[in-house]
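A quick write-up on the structure given underneath.
The values are calculated or read from the model by the stated rules, or taken from the named source; none is laboratory data. All values derive from a computational prediction rather than experimental measurement. FYI the Cβ positions are ideal-geometry reconstructions off the backbone, even for glycines, and counts take in every protein chain you see.
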Amino acid sequence: MAQTNWTTANIPDLSGKNILITGANSGLGFHAAMALSGKGANIIMAVRNLDKGNEAAALIKTRYPNAKLDVMPLDLSDLDSIKHFSEAFHAKYNSLDVLMNNAGVMAIPKRETTRQGFEMQFGTNHLGHFALTGLLLDLIKKTPGSRITTQSSGLHKAIDTIRFDDINWTRSYTKWKAYAQSKLANLLFTYELDRQLKAHHIDAIATASHPGFAETNLQRHSGFLVAYLANKLLAQTAEMGSLPILRAATENNLKGSEYFGPTKMSEMRGYPELVQSNNASHDMEAAKNLWDISEKLTGIHYEF
Ligand SMILES: NC(=O)c1ccc[n+]([C@@H]2O[C@H](COP(=O)([O-])OP(=O)(O)OC[C@H]3O[C@@H](n4cnc5c(N)ncnc54)[C@H](OP(=O)(O)O)[C@@H]3O)[C@@H](O)[C@H]2O)c1
């Protein structure tokens, strides 16, 4: 049953739980790490820049001196880095209670590619997290009641299908459509992953969230209007924007495939509630195609 005005006060005690957050040094990931530290979890902060990660961890410690924080390097735009991260993670941890696939890039002005040549937004936001989740699946499987929570965006609605005939935007590139595709992919992935976990009777679920419009570093490529004016006038705080992913990651008794986001001002602001993603995100054939392509492109095959 949806509660109103869900806040971090609703998060249960998480002592002893291992929670991995991608992009934990900035914006929503940082505020999620802060909130979960207050609940006693062991937070693994997966960051592409260790200096920024250590600074963020130090800031969390000023509020929670006993926070259990492990800053580890991870570049989601490089499959080799993801594999190294997975090896290092396996060497340290025997369980993974919550994987928060949060990191992302948005609206990169000119088409850029990841180390392996994928369009940067699709490659980082979707393929990077697809590979990471697949490589950590063994730990997820052996952790009772585990959860994978992926950060999407209301902007997934700006596109009504995955561009299967040119998934890496080589023929033409539109920065917002490429971002929208990556965020639609986050949802198709979440729902298909949840179906697969259930089909294989694994005690884990996949959930998703979107933050509405929150003031973070994400808008740095969005131009003056969005990056400055809209951020100042319309956006909610990053702390508020972190609530949907926190709810999707921690609320007890979820069944899987829930999608949380704010409900006020066309879902741009407010407390997290269950919200609806577009029809395209529920297209099971598209989800299967995307899964097959993602396995092929990343070379990571899921062993359920
Ligand atoms: N803010 C919003 O209004 C909004 C709306 C809808 C969806 N979202 C989603 O929310 C998520 C978090 O974004 P945010 O708003 O918190 O933005 P942010 O402040 O820019 O944080 C993004 C995080 O992702 C990290 N990151 C980017 N590329 C990476 C890579 N290749 N490997 C590893 N980490 C990488 C960034 O690291 P660096 O600090 O090193 O750059 C940063 O820690 C994203 O998935 C975004 O799409 C945000």
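Looking at (1) under 30 Å from ASN253 (Cα atoms); (2) outside any strand (DSSP E or B), can you tell me which one TRP169 breaks?
Only one criterion is unmet by TRP169, namely (1).
Checking LEU127 against (1) surrounded by fewer than 24 Cβ atoms within 10 Å (Cβ to Cβ); (2) more than 9 Å from the ligand (Cβ to nearest atom); (3) farther than 22 Å from SER242 by Cα, only one condition comes out false. Which one?
Evaluating LEU127 over (1) surrounded by fewer than 24 Cβ atoms within 10 Å (Cβ to Cβ); (2) more than 9 Å from the ligand (Cβ to nearest atom); (3) farther than 22 Å from SER242 by Cα leaves (1) as the failure.
Return the pairs, sorted by first residue and then second, in which the second residue is near the ligand (Cβ under 9 Å from one of its atoms), the first residue lies in the stretch 21-46 and is over 19 Å from LEU74 (Cα atoms), the beta carbons are less than 7 Å apart, and the residues are 6+ apart or on different chains.
Close Cβ pairs satisfying both conditions: ALA35/SER242.
Would a scan of the stretch 39-53 turn up a residue that is under 25 Å from SER152 (Cα atoms) and polar (S, T, N, Q)?
Scanning the stretch 39-53, I find at least one residue that is under 25 Å from SER152 (Cα atoms) and polar (S, T, N, Q), so the answer is yes.
Pairs please, first residue from the stretch 265-280 and at negative phi and among the acidic types (Asp, Glu), second anywhere and part of a strand (DSSP E or B) and surrounded by 15 or more Cβ atoms within 10 Å (Cβ to Cβ), Cβ atoms under 7 Å, 6+ apart in sequence or on different chains.
So the pair list comes out as GLU273/PHE260; GLU273/THR263.
Please give the strands (runs of 3 or more DSSP E) falling wholly within the stretch 15-73 in which 1 or more residues are more than 9 Å from the ligand (Cβ to nearest atom) and surrounded by fewer than 18 Cβ atoms within 10 Å (Cβ to Cβ).
Result: 68-73.
Restricting attention to the stretch 198-216, which residues are of a type in the set (S, T, N, Q) and within 7 Å of the ligand (Cβ to nearest atom)?
THR216
Name the single residue that is nearest to THR114 (Cα to Cα) among those in the stretch 82-93 being surrounded by fewer than 19 Cβ atoms within 10 Å (Cβ to Cβ) and small (Gly, Ala, Ser).
ALA88
Go through the residues of the stretch 217-240 one by one and say whether even a single one is of a type in the set (Asp, Glu), away from the ligand (no atom under 12 Å from the Cβ) and more than 20 Å from LEU297 (Cβ to Cβ).
No, every residue in the stretch 217-240 fails to be of a type in the set (Asp, Glu), away from the ligand (no atom under 12 Å from the Cβ) and more than 20 Å from LEU297 (Cβ to Cβ).
Table: residues versus (1) at positive phi; (2) at pLDDT 95 or above; (3) surrounded by fewer than 21 Cβ atoms within 10 Å (Cβ to Cβ); (4) of a type outside the set (D, E, K, R).
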| position | (1), (2), (3), (4) |
| --- | --- |
| LEU197 | no, yes, no, yes |
| HIS200 | no, yes, yes, yes |
| ASP203 | no, yes, yes, no |
| ALA208 | no, yes, no, yes |
| PRO211 | no, yes, no, yes |
| ALA214 | no, no, no, yes |
| LYS232 | no, no, yes, no |
| ILE245 | no, yes, no, yes |
| ALA248 | no, yes, no, yes |
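Can you find a residue in the stretch 143-163 that is away from the ligand (no atom under 14 Å from the Cβ) and assigned to a helix (DSSP H, G or I)?
no
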